[in-house]
Amino acid sequence: MRSKTIRALPALLPLLALAGCGGAKDEAPKVQTVEVVKSYPHDAQAFTQGLFYDGGTLFESTGEEGTSGIRKVVLDTGEVTAQAPLSPPYFGEGIIGWKDRIYQLTWKDQKGFIYNRADLSLKGEFGYTGEGWGLTQNGKSVIMSDGTATLRFLDPETMAQQSTLAVTANGCPVAQLNELEWIDGEIWANVWQTDLIARIDPQTGKVRSFVDVSALGPPTPSADEVPNGIAYDAAAKRIFVTGKMWPELYQVRVTDGPANGAAQDQAAALMRCQPS
């Protein structure tokens, strides 16, 4: 299950990169780091699967059977002001807002849920094939990850698939794309089982850079306490990141400072694949 994870698995990452790589190599994206601008309290019991910020409110989805749901959170205090649980057998995944709605994915049930944005009451359902991982939107389409190296673009009114985007770094497919956020014309994606966020060109699918967030989170994380959760305050240009069961949520600034050695190894593994 995705609830049992390892924060860094450099030995396994080359195996992920070997599958399906072809074509000429591109320029290798650099690995950037983050500086913490401000820290905020975060529910250390929240198995964060989706996150977005809008209208002064943080919206969060949580996973695992029996504890999944969506919630509204006060950024400054971490107070949960409204929530809607998701009953078993569903494992909650990514969420995104669209007009008066919130869309939520589930992991393996090929079913998503539609909520009223104002009070989180359930409004409907939608279907999709494969797994559901992360969601974001660019003002025209809802963008979905499914654990592969391919992102799906969906019609935000019907959730029908419009197109797909293959994501690569140095010519290699980047799989395990997880929680998503649209930030100033880029798609940002947590890469599961790493400390990296991929900054993806939405036109080409090429990773422009990786962002190392290994300096954030608990000092001695458990296997489950991995980075997952990116939100953006477009009005104030604030980037927020957190993780599963992290006690803090961070406003960060991206820098070109030296990345952690393990994160550099993770990025190198993602960019290493066999030619076709």
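Of the solvent-accessible surface of the chain, computed with a 1.4 Å probe over protein heavy atoms with every protein chain present, carbon and sulfur atoms account for 51 percent.
Does a label point 7 Å from the Cα of Lys140, set along Cα-to-beta-carbon, have any residues of the range 188-212 with amide nitrogen under 15 Å, and which are they? 201-205, by backbone N distance to the label point. Kirkwood radius, the chain, all distinct C-alpha pairs, inverse of mean reciprocal distance: 18.4 Å. Accessible surface of Asp100, taken over heavy atoms with a 1.4 Å probe and every protein chain present, rounds to 80 Å². Candidate cross-link partners of Lys30 among the aspartates and glutamates, defined by an alpha-carbon separation under 20 Å and a same-chain spacing of 8 or more, comprise Glu181, Asp184, Glu186, Asp195, Asp201, Asp212, Asp256, Asp265.
Extents of the range 119-198, largest first, come to 41, 27, 26 Å (Cα atoms, principal axes, whole angstrom). As a length-normalised measure over Cα pairs under 8 Å and 6 or more apart, the relative contact order of the chain settles at 26 percent. Put simply, the range 114-262 fits an ellipsoid with semi-axes of 25, 19, 15 Å; these come from the alpha carbon gyration tensor as the roots of five times its eigenvalues, largest first. For the chain, a crude dipole built from +1 on the beta carbon of Lys and Arg and -1 on the beta carbon of Asp and Glu, taken about the Cα centre, is about 360 debye to the nearest 20. Given their separation in residues at 0.36 nm each and the Cα-Cα distance between them, Ala160 and Asn260 gain 32.0 nm when the chain is fully extended.
Of all the options Ala84, Ala236, Ala118, the one that moves most in a Gaussian network model of the chain with Cα springs shorter than 10 angstrom is Ala236.
With no solvent and one equal point scatterer per Cα, compute the Debye intensity ratio I(q)/I(0) for the range 20-118 at 0.11, 0.24 Å⁻¹ and report its log10, rounded to two decimals. For the range 20-118, the Cα-only Debye profile gives -0.44, -1.22. Work out which trypsin sites (Lys or Arg not before Pro) in the chain are exposed loop sites (DSSP not H, G, I, E or B, at most 10 other Cβ within 10 Å) and give the longest gap free of them. In the chain, the maximal stretch lacking such sites is 141-236.
One-quarter of the Cα convex hull surface for the range 47-186, in nm²?
Averaging across all directions leaves 8.5 nm² for the Cα convex hull.
What number comes out for accessible area per residue over the chain if the probe is 1.4 Å? Units Å², please.
It amounts to 40 Å² per residue over the chain.
Could you give the longest part of the chain that holds none of the GluC sites (Glu not before Pro) found in DSSP loops with at most 13 neighbouring Cβ atoms within 10 Å? Maximal segment without exposed cleavage sites: 158-276.
Can you give the helix-only mean residue ellipticity at 222 nm for the chain, where every DSSP H stretch with n ≥ 4 adds -39500 (n - 2.57) and the sum goes over all residues, rounded to the nearest 500 deg cm²/dmol?
Numbers: 2 runs with 16 residues, N = 276.
Result for the chain, helices only: -1500 deg cm²/dmol.
The values are calculated or read from the model by the stated rules, or taken from the named source; none is laboratory data. If you're wondering where the values come from, they're calculated on a predicted model, not measured in any experiment. Quick reminder, even Gly has a Cβ in these numbers, built from the backbone with ideal geometry, and neighbours come from all protein chains shown. Note: accessible area is taken over every heavy atom of the protein model, side chains too, but ligands, DNA and RNA are not part of it. Shrake-Rupley method; radii C 1.70, N 1.55, O 1.52, S 1.80 Å.
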